Amino acid sequence: MIADNKIAALLDQRAFEMFVECTLQDPRVNNIRPNLEYIMTYASIRNLDLDAINRALQVVFMVHSGQARIGESMIEHIVKVTRNTCYFLSQHQTRCGGTDTALDSVTETAYVVGTLLHDSVEDALERVISMLSGRDVSSKYKRTEEIQYAREEAYRLISEEFGGLATETVRLVTNPHWDKQVFSQRVRFGKYRDKIEELIKEAPFFASLLKLGDNYVNLDFEPGSTGADGMIRKYGPVCKLWIQFLNSPEAIRSINDDVREQIIAHYELVEDWWLASQKSA
């Protein structure tokens, strides 16, 4: 009850009610409490738009309810990644406050909201359209053209609700639809590497940082665990790209050296696993 009171004090009533509903459907959602406390406390200290963040959490709780990943609920993943974004933002603001690279509260809010919604279009397309449009979208989009059209509708709805920067952030980190009936896993993983390379080169720094935090959460596994082989094949080829990104002047300026070195060391480890798997293949 004490923990519930703490979460209830941090969220608005509707977001808290939806959080409780999600925990009843999947008890693993309870694991988000420490990270959720961090996000909301950071948002409050930084004077971010709490209404927008609560509304984004409502979207997360609604559209990802019941969805699961390897070893965790989708909601756990999303909140972990958002906690990472808030941590990176806090480091940047502490190190760069008072300079022309510091972010205002509107921009910070957009990146937090964008992180909360970063999987919504890719992994919960019908649900996010249903929630934000108020109409039931019960049938699955299957053909590539249908999915692309529906994604554009989803981006429009997110923009109407949360603004352009949050929407563009979601768009930038959302993977294109690579039809598994058309593209083999090897080809899809190659396209994923190309996507990450393009993102790092072309996207705003904090959109890339969001994706870095997303990949870092995905790499929290041990070799031999369930799904590890697929993770190594997918993320091994992008590790070098992220190491280069973390050694860029902007990352060095924004992120504490100890934190950067810790993340780099983990990416190097996963890259070693990948290279070893290539030799044994």
Candidate set from region 82-101 (those that are without any contact (Cβ under 8 Å) to a residue 24 or more places away in the chain and assigned to a loop (DSSP other than H, G, I, E, B)); member that is farthest from Leu246 (Cα to Cα): Gly98
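For region 224-255, which positions are in a helix (DSSP H, G or I), among the β-branched types (Val, Ile, Thr) and closer than 22 Å to Phe205 by Cβ?
In the first step, residues of region 224-255 are kept if they are in a helix (DSSP H, G or I); the result is 228-246, 249-254.
From what is left, the residues that are among the β-branched types (Val, Ile, Thr) are 232, 238, 243, 252.
Within region 224-255, Val238, Ile243, Ile252 meet the criteria.
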Mind checking whether some residue in region 262-279 is of a type in the set (D, E, K, R), out of contact with any Leu (no Cβ under 9 Å at 6 or more places or on another chain) and closer than 24 Å to Glu72 by Cα? yes
Breaking point among (1) in contact (Cβ under 8 Å) with a residue 60 or more places away in the chain; (2) within 27 Å of Arg127 (Cα to Cα), for Pro176: (1)
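If I ask for residues that are charged (D, E, K, R) and modelled with pLDDT of 95 or more, which ones from region 43-94 would you list?
So the first thing to find is which residues in region 43-94 are charged (D, E, K, R), and the list is 46, 49, 51, 55, 69, 72, 76, 80, 83.
The answer is Arg46, Asp49, Asp51, Arg55, Glu76, Lys80, Arg83.
Yes or no, residue by residue, for (1) without any contact (Cβ under 8 Å) to a residue 24 or more places away in the chain; (2) under 30 Å from Trp273 (Cβ atoms); (3) buried (at least 17 other Cβ atoms within 10 Å of the Cβ):
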{"position": "Ser138", "(1), (2), (3)": "yes, no, no"}
{"position": "Leu172", "(1), (2), (3)": "no, yes, yes"}
{"position": "Gln185", "(1), (2), (3)": "no, yes, no"}
{"position": "Tyr192", "(1), (2), (3)": "no, yes, yes"}
{"position": "Thr226", "(1), (2), (3)": "no, yes, no"}
{"position": "Asp229", "(1), (2), (3)": "no, yes, no"}
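Let me confirm something: among Asp179, Asp258, which residue is assigned to a helix (DSSP H, G or I) and not assigned by TED's automatic domain parsing to the domain that holds Arg83?
Working: Asp179 fails: assigned to a helix (DSSP H, G or I).
After applying the criteria, what remains is Asp258.
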Residue set Ile7, Ile32; condition of a type in the set (Val, Ile, Thr), more than 21 Å from the chain's Cα centre (by Cα), more than 19 Å from Leu212 (Cβ to Cβ) and assigned by TED's automatic domain parsing to the domain that holds Ala110; output residue Ile7
Restricting to region 228-277, count the residues that are farther than 22 Å from Lys195 by Cα and of a type in the set (Gly, Ala, Ser). 4
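Just one of Glu168, Glu146 is assigned by TED's automatic domain parsing to the domain that holds His64, in a helix (DSSP H, G or I) and more than 15 Å from the chain's Cα centre (by Cα); which is it? Quick ask: steps written out before the conclusion?
Working: Glu168 fails: more than 15 Å from the chain's Cα centre (by Cα).
Glu146 is the lone residue from the list that is assigned by TED's automatic domain parsing to the domain that holds His64, in a helix (DSSP H, G or I) and more than 15 Å from the chain's Cα centre (by Cα).
Looking only at region 16-54, count every residue that is assigned to a loop (DSSP other than H, G, I, E, B) and more than 24 Å from Gly71 (Cα to Cα) and tell me the total. So that I can check it myself, show each step before the final result.
If we filter region 16-54 for residues that are assigned to a loop (DSSP other than H, G, I, E, B), which is where we start, we get 26, 46-49.
Still in the running and more than 24 Å from Gly71 (Cα to Cα): 46-49.
So the count comes out to 4.
Which residue, of Arg46, Arg33, is surrounded by 15 or more Cβ atoms within 10 Å (Cβ to Cβ) and within 25 Å of Ser159 (Cα to Cα)? Explain how you work it out, then say what you get.
Details: Arg33 fails: within 25 Å of Ser159 (Cα to Cα).
Exactly one of Arg46, Arg33 is surrounded by 15 or more Cβ atoms within 10 Å (Cβ to Cβ) and within 25 Å of Ser159 (Cα to Cα), namely Arg46.
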Every residue in region 102-131 that is in contact (Cβ under 8 Å) with a residue 12 or more places away in the chain and among the charged types (D, E, K, R), please. Glu108, Asp119, Glu122, Asp123, Glu126, Arg127
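If I filter region 13-20 for residues that are small (Gly, Ala, Ser) and either within 22 Å of Leu219 (Cα to Cα) or surrounded by fewer than 20 Cβ atoms within 10 Å (Cβ to Cβ) (or both), do I get at least one hit? Break it down into steps so the answer makes sense when it comes.
Filtering region 13-20 down to residues small (Gly, Ala, Ser) leaves 15.
Checking the rest, the ones that are also either within 22 Å of Leu219 (Cα to Cα) or surrounded by fewer than 20 Cβ atoms within 10 Å (Cβ to Cβ) (or both) come to none.
No, region 13-20 has no match at all.
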Please go through region 73-122 and pick out each residue that is surrounded by fewer than 18 Cβ atoms within 10 Å (Cβ to Cβ), over 18 Å from Ser159 (Cβ atoms) and among the acidic types (Asp, Glu). Asp100, Asp104
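The values are calculated or read from the model by the stated rules, or taken from the named source; none is laboratory data. Quick caveat, the model's predicted, so the values are computed rather than measured. Don't worry about glycine lacking a Cβ; one is built from the backbone with ideal geometry, like all the others, and counts go over all protein chains shown.
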